[in-house]
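Notes follow once the structure below has been shown.
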Amino acid sequence: MKRLCDILGRPRSSFYYWRRTSAARAARQTVEAGIAARIRKAHQDSDGTYGAMPESVA
């Protein structure tokens, strides 16, 4: 790992931090995917107008 980090110009601690926090990143991605799915559903349920002002009001 030392040689690879030297070639890339990155400290070894960056690699070990990335490896140590991989579970947290995966959990956060799962939560964010659920939120994105809820947003897509709300947008779909509103015929693509969720968050937009209706033309009759404008």
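Any read-out appearing in this document is the output of simple, stated calculations on the displayed coordinates, not a laboratory observation. Being a predicted model, the structure only gives us computed values, none of them experimental. Cβ atoms come from the backbone with ideal geometry, glycine included; neighbour counts cover every protein chain shown.
Rounding to the nearest 10 and keeping the result within 0 to 90°, find how far the Cα-based axis of helix 22-45 lies from the longest principal axis of the chain.
It is inclined by approximately 10 degrees.
Along the charge dipole of the chain, pointing to its positive end and built from +1/-1 on Cβ of Lys, Arg, Asp and Glu, which listed residue (53, 33, 13) has its Cα farthest out?
Of the options given, the answer is 13.
Within 12 Å, Cβ to Cβ, of residue 19, how many net charges do the neighbouring residues add up to if Lys/Arg are +1 and Asp/Glu are -1?
So the environment of residue 19 carries a net charge of +3.
With charges only on Cβ, +1 for K and R and -1 for D and E, what is the dipole size of the chain about its Cα centre, in debye, rounded to 20?
The dipole magnitude comes to about 820 debye.
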